[in-house]
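In what follows, a structure is listed as C-alpha cells, so that the remarks can point back to it.
The values are calculated or read from the model by the stated rules, or taken from the named source; none is laboratory data. Remember, predicted model here, so these are calculated numbers, not experimental data. Quick reminder, even Gly has a Cβ in these numbers, built from the backbone with ideal geometry, and neighbours come from all protein chains shown.
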Amino acid sequence: MQRLDPWHGRCDLQFRAANGSTRHQGGCTAPFKLLRSERGDDGRCELPVLHTAGGLVGGDQLSLDIKLEASSRSLITSVAAQKVYGSIGRSRLQPEGCSAQQHVCCSLASGSDLEWLPQELVLYADALFEQHLTVTLPMDASFVSAEIVRLGRTAAGETLQQGRWRSSLTIQRITSTGSTWELADRVELGGASLEGPHGLAGAPVFGTLIWAAPMAMGAETTATLLDGARADREGLTGTMRCGALGQGLIARYSGTSSRDARFWFSRIWERTRRLRGLTTPRIPRVWPLQEQPLRRQTSTVNAFEAAAETH
C-alpha cells in the first residue's frame, strides 16, 4: 500500500523547568496530535502523542524534534501501537515497495531527563520501515528509550514475509572539550536474519532498551544494576540480555511476547529511576495494561535498593 500523496507529520516540542515542574510548548502537524499532558511525580511532564492516520504506508514520514532545557524532565509516549502496512507488490509504479520513515532528534541540556517510551510498532506482511533516533546530551543528563517491534501479525498467522525493519540509534555526549560517542547502534531485520540462528531464529518480537545515565556509576553499582536486570527476567519468556555502556546500560529482547518485553523493560526503567533517587514510575494512563509489570520478587528489589543507597 502506498499513498499518491504520502503524509509528512512533524512534531516540535520544547520542555522547560520552572517552580519544581516541567511544562512543554510547541506544536505538530497532521497526522500528529498532542493530548493533554500530566504532571507526573518529580515534576515530570508526561505527554502522550497520537498518530491519527491509523497507520503508516509506503512513503509516509514522521519527524519529531525534542528539546529539553536545563533541569527539565519529560516522559513522551504514544497513545496506541503504531501499524506499518505492507507496500511490496502493492503499486504498479513501484512494485519493490517504499519505506515509511520516522526520524526522532533529541537534544538535552544540563541536568535534564528524557524518557522516550513509545508503544509497540507492528509491521504487517511486506512492510518496509526505517527509524532513526539521534540523541545529544551532556554527561549529567539522562535518557531512557524502550522500543518494541512485532514483525508480522502473528496472532493471525502472518509473518513479515519480504518486509524489512531498519533502525539507527546514535547517542552522543557533549563535553567541555568536545564530544564522545555513548552508542552507535544499527540493526536490520529482514530476509535470512528473521530465521537464522545469528538473527531472531524465528522470534517475531524484538526490543531494545537504552539508558544513558547522568552520572558515572562505578563498577560495583553497574554490576548490581545488571544483576538486578537479569533477575527481573524471572517468570518472563524470551531471550533477554543486557550489558553496560560507558555510562549506562543496553538491554535486548527477542521472543514471542511483546507483553513480556514490555514487562522486562518496565522493571529496568524502574531501576534507572531508583538510581537517580526518583520515585517509582507510574504506568502511563494510555498504555493498555491490566497487569502489574513492576511486580517482582521483593528480595530482589530490596537488594537493589540497598546497593543504590550505598552508592
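Taken across the stretch 77-93, residues that are over 24 Å from SER257 (Cα atoms) and out of contact with any strand residue (DSSP E or B) (no Cβ under 9 Å at 6 or more places or on another chain) do occur, with at least one present. The set of residues in the stretch 21-68 that are acidic (Asp, Glu) and either free of Cβ contacts under 8 Å to residues at least 24 places away in the same chain or in a strand (DSSP E or B) (or both) comprises GLU38, GLU46, ASP65. Once the stretch 20-38 is narrowed to residues that are small (Gly, Ala, Ser) and out of contact with any Ser or Thr (no Cβ under 8 Å at 6 or more places or on another chain), the residue that is surrounded by the fewest Cβ atoms within 10 Å (Cβ to Cβ) is GLY20. Of the residues making up the stretch 119-150, those that are within 22 Å of HIS24 (Cβ to Cβ), crowded, with 20+ Cβ neighbours inside 10 Å and not β-branched (Val, Ile, Thr) are GLN119, LEU133, LEU137, ALA141, SER142, PHE143, SER145, ALA146, GLU147.
When the stretch 72-91 is filtered for residues that are polar (S, T, N, Q) and either crowded, with 21+ Cβ neighbours inside 10 Å or modelled with pLDDT of 90 or more (or both), the ones remaining, listed by number, are SER72, SER74, THR77, SER78, GLN82, SER87.
Rundown of residues vs (1) assigned to a loop (DSSP other than H, G, I, E, B); (2) crowded, with 16+ Cβ neighbours inside 10 Å, yes/no style:
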residue	(1), (2)
THR237	yes, no
ARG241	no, no
ALA244	no, no
ASP260	no, yes
ILE268	no, yes
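Residues that are exposed (fewer than 12 other Cβ atoms within 10 Å of the Cβ) and within 22 Å of GLN102 (Cβ to Cβ) do not occur anywhere in the stretch 209-217. Condition check for ALA17 on (1) aliphatic (A, V, I, L, M); (2) assigned to a strand (DSSP E or B); (3) surrounded by fewer than 19 Cβ atoms within 10 Å (Cβ to Cβ): one failure, at (3). If you go through the stretch 72-91 and pick out every residue that is assigned to a loop (DSSP other than H, G, I, E, B) and under 26 Å from LEU50 (Cα atoms), you end up with 7. Take the conditions crowded, with 19+ Cβ neighbours inside 10 Å and either in a loop (DSSP other than H, G, I, E, B) or at positive phi (or both) and apply them to GLN94. Does it pass? In short, no.
A search for C-beta distances below 7 Å between a residue of the stretch 139-162 that is in contact (Cβ under 8 Å) with a residue 60 or more places away in the chain and closer than 21 Å to SER78 by Cβ and any residue that is of a type in the set (Asp, Glu) and not in a strand (DSSP E or B), counting only pairs 6+ apart in sequence or on different chains, returns ILE148/GLU120; ARG150/GLU120. Scanning the stretch 1-29 for residues that are out of contact with any Asp or Glu (no Cβ under 6 Å at 6 or more places or on another chain), farther than 14 Å from GLN102 by Cα and small (Gly, Ala, Ser) yields ALA17, ALA18, GLY20, SER21, GLY27.
Mind checking whether some residue in the stretch 120-127 is under 25 Å from LEU75 (Cβ atoms) and not in a strand (DSSP E or B)? Yes: one or more hits.
SER167 meets all of the listed conditions (1) surrounded by fewer than 18 Cβ atoms within 10 Å (Cβ to Cβ); (2) without any contact (Cβ under 8 Å) to a residue 60 or more places away in the chain; (3) out of contact with any helix residue (DSSP H, G or I) (no Cβ under 8 Å at 6 or more places or on another chain) but one, namely (1).
Does ASP232 satisfy the criteria of being out of contact with any helix residue (DSSP H, G or I) (no Cβ under 8 Å at 6 or more places or on another chain) and at pLDDT 95 or above? So ASP232 fails the test. When the stretch 145-179 is filtered for residues that are aliphatic (A, V, I, L, M) and touching a Gly at 6+ places or on another chain (Cβ under 9 Å), the ones remaining, listed by number, are ALA146, ILE148, VAL149, LEU151, LEU160, ILE171.
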